[in-house]
Amino acid sequence: MGFFFDGHNDSLTREDHADFVGGREGGQLDLPRMAAAGMRGGIFAVFIRNPETADWRPALSKRPGGAGPAPELDHAYASAASTTAAGRLLAMERAGAVRLGRTIADVDAAAAGGPPVAVLHLEGAEAIDADLESLDLWYAAGLRSVGPVWSRPNAFGHGVRFRYPSTPDIGPGLTAAGKELARRCAELGIVFDLAHMNEAGFWDAAALEAGPLVVSHAGVHAICPNSRCLTDAQIDAVGATGGLVGIVYAPAFLRPDGRNQPADTPLALIVRHARYVADRIGVEHVALGSDFDGTEVPDALGDVTGVPRLLEEFAKHGFTSEEIEAIAWGNWRRVLARCWGER
Ligand code: ZN
């Protein structure tokens, strides 16, 4: 097959985004490198930094002991910044560089060799008002995936703080607005992504029985006991609902010692997380969720052009070519189709 779909990247909100189409020096993802690697699809996140700190995520990840709660984002600020970032993706589509993933036909067109498909995602739903009056506008603009929270509290729930070692059981569950957002997303056909959700919120979402439980970028808690990783019970719930876990490439969420150490984090460790989920709930619930341009990744991977090496590593560890195709494309396709109310 030789191509893949990736469940999470933060490229839209990088400062050097203007060079995304033609290629850029830094970062982990751009269109030329996507083409070289065979990345024909992905979920493109709109992530909004706190205005008072230009970029405090790397500082967080270098503190494996954890950090305090991130301050809440103001809705008006997030709304303005998010429309700008989403506009970048729409402009890329108008220029013919990508095709927005609005229906599963858009995903299939990319698999057939068309322009890469980009699914518009909000990582933290602060851009949506708590009464959800702006949700239809976002849907009309192409929004097909919402992570209600990043790792901070908002009107919808409580993102899990970064802590190691720690369970994800930090803080209360979804608010009434968060539950309503989950219901409306299921109604409209929008993925409700539980990456960054704390455990109480995860179980609140599961109790709504609104569709497959999707976690776009996370690791396995039994291997790396970081609060951002999924417990066995959570993984089982993902399997029971026909959902999936996109395996993240961030060393801090992969390594048993919780350290953010890209230099000696082997690709085999990413495969180990995937194998754990596959053995526990089935390979049809495992997918890719890099977090490119949102985190450091193992040096052995480097950037998106390292993903073919990662897929070879899956083969070396006993995954069949059919299983690798499912992990690389088919599982995301199936779950997107179900969340979007299609086949
Ligand atoms: Zn994230």
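Throughout, read-outs are computed from the coordinates displayed, never taken from laboratory work. What you see is a predicted model, and the numbers here were worked out from it, not measured in a lab. Here the Cβ is made from the backbone with ideal geometry for all residues, glycine too, and neighbour counts use every protein chain on show.
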Residues with amide H under 5 Å from that of Val191, placed H, sequence gap 5 or more: Ser145, Val146
Other-chain or far-sequence residues with amide H under 5 Å of Asp169's (modelled H): Glu199
Over the chain, relative contact order from alpha-carbon pairs under 8 Å, at least 6 apart, %: 19
Evaluated at q = 0.24 Å⁻¹: base-10 log I(q)/I(0), Debye formula over Cα of the stretch 267-318: -0.97
CD proxy at 222 nm, helix term only [per DSSP H run n ≥ 4: -39500 (n - 2.57); per residue of the chain; nearest 500]: -10000 deg cm²/dmol
Long-range HN-HN contacts of Val119 with modeled amide H, under 5 Å: Gly42, Ile43, Phe44, Gly101
Label point at Arg49 placed 7 Å out along Cα→Cβ; residues across the stretch 181-196 whose backbone nitrogen lies under 20 Å: none
R0 of 41 Å, Cβ-Cβ distance Asp279-Ala76: FRET efficiency to nearest 0.05: 0.30
Cut-off 12 Å between beta-carbons: net charge of the residues surrounding Pro172, Lys and Arg +1, Asp and Glu -1: -3
Fewest-first ranking of Met1, Met92, using other Cβ atoms within 10 Å as the exposure measure: Met1, Met92
Cα pair distances exceeding 18 angstrom across the stretch 145-198, given as percent: 29
Compactness of the stretch 232-337, expressed as Rg and Dmax over alpha-carbon positions, Å: 13.2, 37
Added length on full extension, which subtracts the Cα-Cα distance from 0.36 nm per residue, Met1 to Ala240: 83.2 nm
Where the Cα pairs of the stretch 153-297 fall when distances are cut into 10 Å bins, in %: 13, 43, 34, 9, 0
Viscosity 0.890 mPa s, temperature 25 °C, Stokes-Einstein D of the chain from Kirkwood C-alpha radius, µm²/s: 126
